[in-house]
1. Report, ordered by the first and then the second residue, all pairs with beta carbons closer than 9 Å, sequence separation of six or more or different chains, a first member in the stretch 112-130 that is at positive phi and assigned to a loop (DSSP other than H, G, I, E, B), and a second member that is of a type in the set (S, T, N, Q) and modelled with pLDDT of 90 or more.
2. Among the numbered criteria (1) under 21 Å from LYS7 (Cβ atoms); (2) touching a helix residue (DSSP H, G or I) at 6+ places or on another chain (Cβ under 7 Å); (3) of a type in the set (A, V, I, L, M, F, W, C), which one does ALA71 miss?
3. Test of understanding: among VAL79, VAL69, VAL51, which residue is more than 20 Å from LEU192 (Cα to Cα) and either in a helix (DSSP H, G or I) or at pLDDT 95 or above (or both)?
4. For the stretch 125-166, which positions are in contact with a Phe, Trp or Tyr (Cβ under 6 Å, 6 or more places away or on another chain) and not aromatic (Phe, Trp, Tyr)?
5. Could you say which residue among VAL34, VAL43 is surrounded by 15 or more Cβ atoms within 10 Å (Cβ to Cβ), out of contact with any strand residue (DSSP E or B) (no Cβ under 7 Å at 6 or more places or on another chain), in a loop (DSSP other than H, G, I, E, B) and among the β-branched types (Val, Ile, Thr)?
6. Scan the stretch 51-65 residue by residue and report those that are under 8 Å from the mean Cα position of the chain (by Cα) and without any contact (Cβ under 8 Å) to a residue 60 or more places away in the chain.
7. Which residue pairs have Cβ atoms under 6 Å apart, sit 6 or more places apart or on different chains, and have a first residue in the stretch 171-188 that is closer than 23 Å to ALA56 by Cα and a second that is crowded, with 17+ Cβ neighbours inside 10 Å and among the charged types (D, E, K, R)?
8. Would you confirm, using the coordinates I've provided, whether SER96 is surrounded by fewer than 17 Cβ atoms within 10 Å (Cβ to Cβ), polar (S, T, N, Q), in contact (Cβ under 8 Å) with a residue 60 or more places away in the chain and over 24 Å from ASN8 (Cβ atoms)?
Amino acid sequence: MKKITFKNVEPLDFRTKEAYKTLRSNIGFCGSDVKVIAVTSTVPNEGKSNVSLHLAMSMAEAGYKVCFVDADLRKSVLVGKYKVGQVKDGLTNYLSGLLELSECMCETDDENLYCIFSGPVPPNPCELLGNKKFTAMLEYMKKNFDYVVVDTPPLGSVIDSAVVSQSCDGAVIVIEHNGVSRRQIKKTKEQLEKSGCRILGAVLNKVDMKAGGYYNNYYNKYYGDYYAKNE
């Protein structure tokens, strides 16, 4: 198993860290049977991959054994974005029968966090994600990890997310603030429902908290100052 280091990961401020802790806790409240979580969005660039990775990191930080799976087989940017080195093999190699799962999985420098990157772009991504081998892989992971976070393509672009979600215990929709219309989000929700996947909730992303009004200003001043003094 390869060992990798995530680079270029921006440090999170106090409020963002707390948001991920809240997301992590809310997923825990969904029940002990919710272990494999698909993360999707409606359109590209809503921050879906960033949210899913930081969610996995937050879970690992809390002591859970976590596997992050990059199932965006068409246009993954994670290897390049986080400068993890010469990682060429991944999920497509395993689903195609070219490599064993252990050969595609990486151990990260974050304690308790493992990951499987997407691998080479295949000619048939939807078919690979819809085959029995993918479902069997997730079932295996459910027995060996506390949580599995699956990053999937935007559902408004391709059907891959709905196919992946069929094998997951629940899905989280990432929504960019002022980035998509209500109608687009509704279509994404309906498509997930058709797949039979339980929708755990949504994450409102890229919110300008500086324009949040009295409550946010009060929260930032009181809690931000308090924790800054006591960390």
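The values are calculated or read from the model by the stated rules, or taken from the named source; none is laboratory data. Please read these numbers as outputs of a predicted model, since none were measured by experiment. Note that each Cβ is placed from the backbone with ideal geometry, even for glycine, and that neighbours are counted across all protein chains shown.
1. The qualifying pairs are GLY119/THR92; GLY119/ASN93; GLY119/SER96.
2. With (1) under 21 Å from LYS7 (Cβ atoms); (2) touching a helix residue (DSSP H, G or I) at 6+ places or on another chain (Cβ under 7 Å); (3) of a type in the set (A, V, I, L, M, F, W, C) applied to ALA71, the lone miss is (1).
3. VAL79
4. In the first step, residues of the stretch 125-166 are kept if they are in contact with a Phe, Trp or Tyr (Cβ under 6 Å, 6 or more places away or on another chain); the result is 146-147, 149.
Listed by number, the residues that qualify are ASP146, VAL149.
5. Details: VAL34 fails: out of contact with any strand residue (DSSP E or B) (no Cβ under 7 Å at 6 or more places or on another chain).
When all the criteria are applied, what remains is VAL43.
6. HIS54, the sole residue that qualifies.
7. VAL174/GLU46; VAL174/LYS48; GLU176/GLU46
8. When the stated conditions are applied, SER96 does not pass them.
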